[in-house]
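Notes follow once the structure below has been shown.
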Amino acid sequence: MTEAAVLKLARAGDEEAFRSLVEPYGRELQLHCYRILGSLQDAEDLLQETLLAAWGGLAEFEGRASMRSWLYRIATNRCLNALRARARRPPESRADLSGPTPMAEPPWLEPYPDAMLEGIADLAPGPDARYEAKESVALAFVTGLQQLAPRQRAVLVLRDVLGFQAGEVATMLETSEASVNSALQRARAALESRAPLSADALERAPLPGSAAELELLSQFADAFVDGDTDRIAVLLTDEALFTMPPEPGELHGKAAISAYLHDRFSLTIDRPTRLVPTRANGQPAFATYVGDAHAPIARFNSLLVLTLQGERISGLTRFGDTGILPAFGLPGVLR
């Protein structure tokens, strides 16, 4: 059956026909929402809003653009509305890291499970895209996006990540091509000024699952479980960075990171630490669990995402929200 025939059925109220039209784009639309919002949970909600809006507005789809472009138009504008609503909410009070360098940390950032990246169509972007797929899902890149103005963020993702043409983006955002090009120039300049992890640095990282990566991760895991900050420091680059989104600070360099980890390990010195390997944003990660003082179990403490550069670790990003566990298939308690 042709797409036109399926579309006719969907417009007549056939939900199965509608699902067959939009299902191929669901996962890439969710990733799109994640890039703009920085939150997996919000992205899941916005995907559902997008599909509901598409179902309700199917009569307005005239077929001049592709179904994919039309869905991206709805998703992008829903995300921009969500960001406007988020900006109107009073900021949450957050505790600082111990002795960090202040920074403009994004209001919220969550990791994205690698398992949800498999088979996504937009990992093969259009010819106008400037970013490789691996770079455009990395935590450093998504963090940089969150510090752009919402419309700049949307334009950069649509143009430089997905490869849509300026005219298509102008239609999606109901603006002019000149406005799109202006926003794109400002977004590129702002993103480059914040020096997100470069494609070159990502290329220097060991290949996922390679012997070099496994050896480095094994050394880190052993040192972390032992609470040995000296051995961890040996594995870090001189300019290593430690962040804890959404905490408004960062730790720079081996000494600062080692001191912080030493303080954290001292709090659980009498309770064993256990690690469960996983992957997030195209990067290796560990779910950390700390033994309970009163029962033979270990409770979830954090998800630690590692950025690798050559044979060293150049970044550590810690997430402590238990709300991320279901997406990663991780338990709250190990027995």
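The values are calculated or read from the model by the stated rules, or taken from the named source; none is laboratory data. Just so it is clear, the model here is predicted, and its values are computed rather than measured. When we count neighbours, we look across all protein chains shown, and the Cβ atoms used for this are built from the backbone with ideal geometry, even at glycine.
Do we find a residue being aliphatic (A, V, I, L, M), touching a residue at least 60 places away in the same chain (Cβ under 8 Å) and assigned to a strand (DSSP E or B) anywhere in the range 288-295?
no
May I ask you to list the residues in the range 224-264 that are out of contact with any helix residue (DSSP H, G or I) (no Cβ under 7 Å at 6 or more places or on another chain) and of a type in the set (A, V, I, L, M, F, W, C)?
Within the range 224-264, V225, V234, L241, M244, A255, A256, I257, A259 meet the criteria.
Going through R35, R19, R73 one at a time, which residue ends up being at pLDDT 95 or above, among the basic types (K, R), buried (at least 20 other Cβ atoms within 10 Å of the Cβ) and over 20 Å from the mean Cα position of the chain (by Cα)?
R73
Within the range 202-214, how many residues turn out to be outside any loop (DSSP other than H, G, I, E, B), modelled with pLDDT under 95, surrounded by 13 or more Cβ atoms within 10 Å (Cβ to Cβ) and over 18 Å from the mean Cα position of the chain (by Cα)?
Looking only at that region, the number is 0.
Can you name the condition, by its number, that E250 falls short on among (1) touching a strand residue (DSSP E or B) at 6+ places or on another chain (Cβ under 6 Å); (2) at pLDDT 95 or above?
If we test E250 against (1) touching a strand residue (DSSP E or B) at 6+ places or on another chain (Cβ under 6 Å); (2) at pLDDT 95 or above, just (2) comes out false.
To keep it simple, each residue is scored yes or no on (1) of a type outside the set (S, T, Y); (2) within 25 Å of H32 (Cα to Cα); (3) assigned to a strand (DSSP E or B); (4) assigned by TED's automatic domain parsing to the domain that holds I232.
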residue	(1), (2), (3), (4)
I257	yes, no, no, yes
Y260	no, no, no, yes
V276	yes, no, yes, yes
R279	yes, yes, yes, yes
R299	yes, no, yes, yes
A327	yes, yes, no, yes
